[in-house]
1. In the range 359-378, which residue that is part of a strand (DSSP E or B) and not hydroxyl-bearing (S, T, Y) is nearest to Q345 (Cα to Cα)?
2. Name the single residue that is farthest from H262 (Cα to Cα) among those in the range 195-238 being of a type in the set (K, R) and either touching a Gly at 6+ places or on another chain (Cβ under 9 Å) or surrounded by 14 or more Cβ atoms within 10 Å (Cβ to Cβ) (or both).
3. If only one of G232, G237, G283, G272 is more than 26 Å from D324 (Cα to Cα) and touching a strand residue (DSSP E or B) at 6+ places or on another chain (Cβ under 9 Å), which one is it?
4. With respect to L428, is the statement that it is assigned to a helix (DSSP H, G or I) and crowded, with 17+ Cβ neighbours inside 10 Å true?
5. From the set of residues in the range 134-169 that are under 30 Å from E389 (Cβ atoms) and not polar (S, T, N, Q), which is surrounded by the fewest Cβ atoms within 10 Å (Cβ to Cβ)?
6. Return only the number of the condition from (1) in a strand (DSSP E or B); (2) more than 27 Å from S96 (Cα to Cα); (3) touching a residue at least 24 places away in the same chain (Cβ under 8 Å) that K337 does not satisfy.
7. Somewhere in the range 490-497, is a residue surrounded by 16 or more Cβ atoms within 10 Å (Cβ to Cβ) and either in contact with a strand residue (DSSP E or B) (Cβ under 8 Å, 6 or more places away or on another chain) or in a loop (DSSP other than H, G, I, E, B) (or both)?
8. Just a yes or no: is a residue in the range 461-473 under 25 Å from F307 (Cα atoms) and in a loop (DSSP other than H, G, I, E, B)?
Amino acid sequence: MTNLEKKFYKSVLLAVFVSFFFCPIFAQSEHEGDWFSADTLSSVVKLSSLLVTYDVEGLPDDYRYHTKGGNPDFGDANVVYEEANLTHVGTGVVISKEGMIISNAHVTRAYIEPSIRLLKGDKVGPHGKPIKRVVVNPFTNVMFVGHSDTQRLEEKGDDSQKLQYVAFILEDDKDYNNYRDRAVLQVLYTCHLGDNGVPVVDDKNVNLDIPYAKLGNPFKTSFVDRKVRAMGFPGTGDPNRSARTVGELLGYEDEKTSRILHTSYISGGNSGGGLFHKDSLIGINTWDKLQDKSRPVAVAQPITYWFDMLTKVKWIYPKFNLPDGLILDWIDDDPGKESYKNEVQALFKIVSESDNNVPVTSGKLYAHRVDTEIDEVFTYMSIAKELDEAAMISYWLQYYTVEDFAKESGFNKDYVEKFCSVTDVKQLRDMLKIQHKSYFDEWYAGTFYCKCVDLDADTGKATLSVLKNSKIHITYVSADGKNSTTFTLTADSDYIQGPFTLGVAQ
């Protein structure tokens, strides 16, 4: 072997030696930021509801669930079976050390209404009558939180979760949709799972110091280093451990909508879970798009969508602290053309006109243009609801027969049939009365500005998102609709307007 060959041979051996012993170190350093810290792992929590199942013999066909004296009232029907179970619904992410959690409204509202269905197989009870299964959530204002212990994670690598907290639902989108599907919860108590599988709330509420996720700007994420990870409890595999999947940030929905698209795999129970870039929470996973089954695309709402809801929570519940690192300027970085970027949060407290110390705790607040009266707002909202409904029916009639859609949706068949010939929503204008056609034009163009919010039932407080640098009317309407009072608000560019105290006649 020549000296040259010997040198080459030694260099190859050295290269192999270096790659064998040092590449894992280099690889670990390179990907260190992609993985989760123990605090981030613990911040993603499992959300469950306590559901009570009743099998009831002899319920009438038109039965609607109700209670009497705090207990279910089934009339003369016979309860043949009863069981309470903690049921996994979705995921949430803790964003403050005191236990504030953000999630999806379709998680917090999943079991808000009782379900009643006939048992399959023509099952009958001891008296020979059909059995209906009634499933009820007796605590619709709370969720039960499963949590992974950070110390156990760091010392033993054990990321299993166990029931540990009760969280109160502070705010959620009651009319949630694919664009705004948000919820905010707050841990109030510790709890544990009883021997019968039912949560037991502890007697004392301790000072909480819960691991939480740090927030990151969802619109300053590098498209060079675009690896993202989704974490949640999808209900597959080990139900006590979170699933962590890797994908790529694809960008945003389109030039109008800034929902985040990515390829991390998610499924049902991931709803409300976190989307992380490196170790920062940038979004909340909401749903997936499965048109292309070979490359499913997941959709996450950027955390900035929660900023106005968090503002409302802080105004109504001032004792709860908002998360660190909540930077309002991130909204300005949003690449979409969504209206929320041009809105500010106006804080209101409604009091009695005769005594400013007495809060008015019922009724609604409306924000609307100064060139519209409250009666016009009512008319528009009613027509817009019908138009939204008609547009939805017309869309689905492309894929369903009238009979099938009426059966699936619950709409009256004759009503559905009215929209069979509608192939373009513009045709709906011709179906309105002459005096209502102008409302259609504004509905179609999206130019009729109005918003509505309920007053808090305890404090009389409310927040409204209003256009910055604008003059608008704020109208209070009493719960019975008989009294209204209109104020003029001139909003500037500051994110927080007010707070304002408005005195109204009751």
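1. Here is the first cut: in the range 359-378, the residues part of a strand (DSSP E or B) are 359, 364-369.
Subset that is not hydroxyl-bearing (S, T, Y): 359, 364-365, 367-369.
Working: P359: 20, K364: 17, L365: 14, A367: 12, H368: 15, R369: 16 Å.
By that ranking, first place goes to A367.
2. From the range 195-238, those of a type in the set (K, R) are 204, 214, 220, 226-227, 229; that's our starting set.
Next cut, either touching a Gly at 6+ places or on another chain (Cβ under 9 Å) or surrounded by 14 or more Cβ atoms within 10 Å (Cβ to Cβ) (or both) only: 214, 226-227, 229.
On the way: K214: 20, R226: 10, K227: 9, R229: 9 Å.
Checked the range 195-238; the qualifying residue farthest from H262 (Cα to Cα) is K214.
3. Values: G232 fails: more than 26 Å from D324 (Cα to Cα); G283 fails: more than 26 Å from D324 (Cα to Cα); G272 fails: more than 26 Å from D324 (Cα to Cα).
Being more than 26 Å from D324 (Cα to Cα) and touching a strand residue (DSSP E or B) at 6+ places or on another chain (Cβ under 9 Å) holds for just one of G232, G237, G283, G272, which is G237.
4. Working: assigned to a helix (DSSP H, G or I): yes; crowded, with 17+ Cβ neighbours inside 10 Å: yes.
Against the criterion (assigned to a helix (DSSP H, G or I) and crowded, with 17+ Cβ neighbours inside 10 Å), L428 qualifies.
5. From the range 134-169, those under 30 Å from E389 (Cβ atoms) are 134-137, 140-141, 169; that's our starting set.
Now narrow it down to the ones that are not polar (S, T, N, Q): 134-136, 169.
Details: V134: 21, V135: 17, V136: 20, I169: 21.
Per the stated criteria, the residue is V135.
6. It is condition (1) that K337 fails.
7. Let us first name the residues in the range 490-497 that are surrounded by 16 or more Cβ atoms within 10 Å (Cβ to Cβ), namely 491, 497.
Narrowing further to those that are either in contact with a strand residue (DSSP E or B) (Cβ under 8 Å, 6 or more places away or on another chain) or in a loop (DSSP other than H, G, I, E, B) (or both): 491, 497.
Checked against the condition, which is being surrounded by 16 or more Cβ atoms within 10 Å (Cβ to Cβ) and either in contact with a strand residue (DSSP E or B) (Cβ under 8 Å, 6 or more places away or on another chain) or in a loop (DSSP other than H, G, I, E, B) (or both), the range 490-497 yields at least one hit.
8. The initial filter retains those residues of the range 461-473 that are under 25 Å from F307 (Cα atoms), namely 461-473.
With the extra rule that they be in a loop (DSSP other than H, G, I, E, B), the set shrinks to 468-469.
Within the range 461-473, one or more residues are under 25 Å from F307 (Cα atoms) and in a loop (DSSP other than H, G, I, E, B).
The values are calculated or read from the model by the stated rules, or taken from the named source; none is laboratory data. Computed from a prediction, not measured in an experiment: that's the story for all the values here. When we count neighbours, we look across all protein chains shown, and the Cβ atoms used for this are built from the backbone with ideal geometry, even at glycine. To get the accessible areas, we keep the full protein, side chains included, count just its heavy atoms, and leave off ligands, DNA and RNA. Shrake-Rupley method; radii C 1.70, N 1.55, O 1.52, S 1.80 Å.
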